[in-house]
Amino acid sequence: MGLAIAFWILAIVSVAAALAVVLLRDIFRAALALILCFLTIAGLYVTLSADFLAAVQVLIYVGAIAILIILAIMLTREVQRGGLTNKLQIPVLVVVVLLLGALIYTMVSTPWAVSTAMPLVPTTPVLAGKLFGEGGFILVVEMAAVLLLVAILGAIVLVREK
Amino acid sequence: MPHQLLWLIFLLPLFSFIIISFVLRPFCNDKPQLGGYTTIAAIGGSFVISVFALFAVMANSGHALPVPDIEWVLIEGGVSIHLGLLVDPLTAVMLIVVTVVSLMVQIYSQGYMHGDAGYHRYFAFMSLFTASMLGLVLADNLVFMFVFWEGVGLCSYLLIGFWFHKPSAANAAKKAFIVTRLGDFGFLAGILALYFNTGTFDIAMLHELAVTGAISGTILTWVAIGVFSGAVGKSAQFPLHVWLPDAMEGPTPVSALIHAATMVAAGVFLVARTFPLFEHSMEAMTTVAIIGGFTAIFAASIGLVMTDIKRVLAYSTISQLGYMMLGLGTGGVAIGIFHLFNHAFFKALLFLGAGSVNHATGTFDMRQMGGLRKVMPWTYATFVIASLSLAGVWPLAGFWSKDEILASSLASQPILFYLALITVFMTAFYMFRAIFMTFGGEYRGGAPEAHGHPHESPPVMVVPMVILAVLAVVSGFWNVNGQFSAFMGHGAGHGPGFFAVLTHPLPLLSLVVAILGIVLAYAMYSAKWLSAERIRGMFGPIHTVLAHKYWFDELYEDVFVRKSMINGFFAGLQQFDTNVVDGTVNGVADGTIAGGRALRQIQTGQLQLYGLFIGIGILAIMLSVLFFG
Amino acid sequence: MLVGLEHYLILSTVLFAIGLYGALSKRNAIIILMSIEIMLVAVSIALVAFSRYIVPLALTGQVFVIFIMVVAAAEAAVGLAIIIAIYRGYETIDATKINLMKW
């Protein structure tokens with residue numbers, strides 16, 4: 001019961017925040033709306049019993065990515081205006097609405113094989129085992145590390161002074 | 001005799017051509033006489049082998065000598081063409097004709113062409129021609145023969161246009177090639193039709209096929225007509241006769257060899273070779289006879305008014321070829337070929353004589369000659385002998401063969417007999433008109449740039465003429481008691497006998513007609529009892545028609561070629577090419593450019609548009625999966 | 001009422017659609033980047049929902065989401081670096097003005 005209320009509140013706030021990101025004229029406010037969206041998403045993870053993920057969501061998305069975005073906004077202060085749209089607005093709207101409709105229809109009409117088992121709590125040890133343990137995704141972890149290294153190098157190269 | 005020697009008959013002149021072209025002309029150009037010696041040696045060798053071949057065929061009682069053939073083309077499940085030689089009496093006779101005349105002409109050419117810059121080229125082409133002609137005669141299947149047929153035509157083109165920097169010679173060569181091409185087209189069609197109906201090109205099988213009815217009535221007639229059209233082209237019969245008088249632009253020995261004795265006889269030979277086709281088709285035989293007979297009188301009538309001595313001889317050749325066709329069409333192979341045999345010798349001799357006269361006076365126009373009998377006795381004597389033989393005066397060679405033709409045409413197509421008889425008169429008349437204008441009277445100066453007084457030709461030119469003159473006298477005796485007909489396989493010899501002229505009416509009639517012609521010529525041009533100019537005045541319109549050769553050249557060149565083809569058909573094709581073909585190609589290019597210009601608008605450089613297209617694509621896939629499963 | 005799988009999925013779809021609209025029709029490059037982040041988050045929700053409702057004991061969806069977060073972080077860093085580099089060169093971050101690849 002509580003879960004349902006929490007879900008609805010969080011869902012509506014997140015959708016509103018996302019709309020705010022896209023529609024607000026002041027870009028800084030849009031960034032703040034984005035942070036709100038991420039936080040509500042973290043709450044939704046909690047309702048889904050993904051506790052570790054919720055923590056990581058706040059840490060990474062809010063703590064790093066959103067900060068980075070605000071940094072970039074600061075650096076490009078003079079020229080920005082949020083909210084301006086290019087001339088593709090109407091076609092994109094049409095396509096998006098159609099896509100939305102098609103996807104919802106698919107989701108609603110597919111008989112999902114929902115299981116009745118109770119979720120695991122806490123998930124952290126299991127996740128650790130899945131990532132680093134026997135028969136886990138250790139290779140992907142390593143590749144992720146390389147990816148991060150490449151991203152760092154790339155970002156540095158792109159913005160350094162000649 | 002070993003059959004490999006038979007292959008040498010045409011390979012020897014071919015080797016001579018190769019040696020002269022690739023060895024002598026590049027490297028020994030300062031010793032031109034080597035080219036002549038090579039050719040004469042090669043053809044001499046061929047002549048010797050031909051004589052042996054003749055005796056071998058005679059010893060084989062007139063059947064073909066066995067010669068194993070070589071497989072040439074073998075296509076799985078269909079075409080198989082062999083190369084082989086067919087040496088039967090017809091072949092043996094033709095071999096003798098070609099090698100003897102060619103040999104005499106080559107010897108003569110050494111004198112006539114002396115000092116000419118193209119001496120090597122001349123003998124190379126002469127060798128190639130002789131090789132092709134001998135190959136044509138020896139071939140045992142129609143495809144092999146067609147190859148040599150075309151080779152002969154090619155050499156004719158090369159030799160007529162020998163002095164190619166003269167526009168008239170170049171045009172004459174083109175005309176010869178193109179006109180004979182028209183005939184060759186029919187010939188090839190005939191060969192292919194024969195192949196599609198019988199599956200073979202072999203000549204020896206033609207007799208069986210025609211007899212057993214493997215080729216039926218109409219197809220047989222059409223095949224025969226096709227083959228005959230090739231003969232019409234090569235032998236300059238009406239209506240493809242226009243090239244032969246123009247072919248006189250070539251050197252005179254060329255005219256003697258090719259356009260008197262051998263190549264033009266190839267058409268007659270072809271009809272004789274494929275005679276089983278004609279024997280079994282009444283329509284084809286009649287066609288041959290009618291065209292032959294008509295051509296004979298047609299050409300003789302034009303020859304009456306010609307002033308160029310070679311033109312007279314050219315029209316005479318066309319006329320005599322018509323006689324041969326008439327003989328083939330009414331009587332059979334032996335009669336036509338016998339006339340070919342005799343005609344080759346005296347006609348070649350006549351041309352060599354004309355060449356000799358040209359060598360002395362520098363011109364061919366008879367109106368500028370005269371009185372040459374006093375200074376060129378040998379030329380005069382041989383020319384007269386040959387003319388008497390041509391006119392058909394007993395007991396020279398031409399009498400016997402012409403008499404046979406008259407007899408057989410009387411038996412089958414009487415109208416043609418009367419035309420032929422009139423032609424006898426005309427033939428005698430124009431030949432002796434030529435003699436009296438050229439050799440009689442007083443010398444009228446010759447060509448304006450000639451070097452003073454004419455004199456007899458050197459021995460290298462006179463000796464071949466004498467040899468041919470001897471042959472012109474005696475060659476007819478082969479059929480005196482019918483041995484030639486028997487040899488050719490046409491029944492027991494029913495020769496007239498040496499003194500038949502005194503006992504049978506027909507030979508006597510033809511002899512009298514010939515002598516009348518000679519007398520009239522004498523009256524008009526020698527003793528001048530009748531004035532030639534007054535007679536021309538009396539027959540004015542007829543003379544004009546004859547002098548313009550019935551306007552056939554104008555008909556072909558102006559009406560057909562210029563107006564309908566060049567201005568009409570070809571111009572239309574050119575329009576088609578420019579507008580439709582080029583238009584299509586340019587249109588494709590223009591269309592592509594326009595399409596590209598339109599399509600490039602998509603490339604706006606903005607990723608969001610591309611992202612939109614991706615979205616549309618995904619949407620399309622999703623919707624199609626949803627709706628169409 | 002009971003919240004089921006479909007609810008989470010529909011939420012995820014709506015967020016994704018909003019993100020897509022923003023990514024394709026906004027001029028400001030930073031807004032485009034933010035919209036892309038929204039899309040990534042939407043997908044993460046869908047994955048975790050599947051993991052929770054269909055195979056609750058396997059946690060594969062959550063592992064996937066961890067890696068998505070890694071990638072999102074890397075991509076945000078590089079993307080912002082690009083935007084700053086463009087700003088240095090063109091004095092603008094208007095996406096419609098960056099059209100060197102136009103024909």
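The values are calculated or read from the model by the stated rules, or taken from the named source; none is laboratory data. Note that the coordinates shown come from a computational prediction; the quantities given were computed from them, not determined experimentally. FYI the Cβ positions are ideal-geometry reconstructions off the backbone, even for glycines, and counts take in every protein chain you see.
Summary table below
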{"read-out": "Some residue of segment A:73-83 being more than 7 Å from chain C (Cβ to nearest Cβ), surrounded by 15 or more Cβ atoms within 10 Å (Cβ to Cβ), at pLDDT below 90 and not in a helix (DSSP H, G or I)", "value": "yes"}
{"read-out": "Residue ID - surrounded by the fewest Cβ atoms within 10 Å (Cβ to Cβ), chosen from residues in segment C:19-32 that are within 7 Å of chain A (Cβ to nearest Cβ) and of a type in the set (A, V, I, L, M, F, W, C)", "value": "C:30"}
{"read-out": "Residue in segment B:99-119 that is of a type in the set (Gly, Ala, Ser), farther than 18 Å from residue B:468 by Cβ and touching a residue at least 60 places away in the same chain (Cβ under 8 Å) present", "value": "no"}
{"read-out": "All positions within segment B:232-247 that are part of a helix (DSSP H, G or I) and closer than 17 Å to residue B:344 by Cα", "value": "B:234, B:244"}
{"read-out": "Count - residues of segment A:85-105 that are more than 22 Å from residue C:6 (Cα to Cα) and more than 7 Å from chain C (Cβ to nearest Cβ)", "value": "5"}
{"read-out": "Residue match in segment C:34-42 (condition: surrounded by 22 or more Cβ atoms within 10 Å (Cβ to Cβ), facing another protein chain (nearest Cβ under 7 Å) and β-branched (Val, Ile, Thr))", "value": "yes"}
{"read-out": "Criterion violated by residue A:67 - all others in (1) under 25 Å from residue C:80 (Cβ atoms); (2) buried (at least 16 other Cβ atoms within 10 Å of the Cβ); (3) out of contact with any Gly (no Cβ under 7 Å at 6 or more places or on another chain); (4) β-branched (Val, Ile, Thr) satisfied", "value": "(2)"}
{"read-out": "Given (1) farther than 20 Å from residue C:7 by Cβ; (2) more than 9 Å from chain C (Cβ to nearest Cβ), number of the condition residue A:42 does not satisfy", "value": "(1)"}
{"read-out": "Meets criteria (touching a strand residue (DSSP E or B) at 6+ places or on another chain (Cβ under 9 Å) and either surrounded by 12 or more Cβ atoms within 10 Å (Cβ to Cβ) or in a helix (DSSP H, G or I) (or both)) for residue B:601", "value": "no"}
{"read-out": "Members of segment A:1-39 found to be more than 10 Å from chain C (Cβ to nearest Cβ), over 12 Å from residue C:3 (Cβ atoms) and not hydrophobic (A, V, I, L, M, F, W, C), listed by number", "value": "A:25, A:26, A:29"}
{"read-out": "Set B:435, B:422: member being under 30 Å from residue B:291 (Cα atoms), out of contact with any Leu (no Cβ under 9 Å at 6 or more places or on another chain) and crowded, with 21+ Cβ neighbours inside 10 Å", "value": "B:435"}
{"read-out": "Test: residue in segment C:89-101 that is more than 14 Å from the chain's Cα centre (by Cα), more than 14 Å from chain B (Cβ to nearest Cβ) and in a helix (DSSP H, G or I)", "value": "yes"}
{"read-out": "Criterion violated by residue A:49 - all others in (1) touching a residue at least 60 places away in the same chain (Cβ under 8 Å); (2) within 14 Å of residue C:33 (Cα to Cα); (3) of a type in the set (Ser, Thr, Tyr) satisfied", "value": "(2)"}
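Yes/no matrix, rows are residues, columns are (1) in a helix (DSSP H, G or I); (2) free of Cβ contacts under 8 Å to residues at least 40 places away in the same chain; (3) over 30 Å from residue C:96 (Cβ atoms):
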| residue | (1), (2), (3) |
| --- | --- |
| C:1 | no, yes, yes |
| C:7 | yes, yes, yes |
| C:11 | yes, yes, yes |
| C:18 | yes, yes, no |
| C:23 | yes, yes, no |
| C:33 | yes, no, no |
| C:40 | yes, yes, no |
| C:56 | no, yes, yes |
| C:61 | yes, yes, yes |
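Each row is one residue, and each column tells you yes or no for (1) aromatic (Phe, Trp, Tyr); (2) within 22 Å of residue B:134 (Cα to Cα); (3) surrounded by 15 or more Cβ atoms within 10 Å (Cβ to Cβ).
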| site | (1), (2), (3) |
| --- | --- |
| B:70 | no, yes, no |
| B:75 | no, no, no |
| B:82 | no, yes, yes |
| B:91 | no, yes, yes |
| B:94 | no, yes, yes |
| B:99 | no, yes, yes |
| B:105 | no, yes, yes |
| B:115 | no, no, no |
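So that you can scan it fast, the table gives a plain yes or no per residue for (1) surrounded by fewer than 19 Cβ atoms within 10 Å (Cβ to Cβ); (2) of a type in the set (A, V, I, L, M); (3) touching a Pro at 6+ places or on another chain (Cβ under 9 Å); (4) at pLDDT 85 or above:
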position	(1), (2), (3), (4)
B:179	no, yes, no, yes
B:187	no, no, no, yes
B:191	no, yes, no, yes
B:201	no, no, no, no
B:206	no, yes, yes, no
B:211	yes, yes, yes, no
B:215	no, yes, no, no
B:219	yes, yes, no, no
B:225	no, yes, no, yes
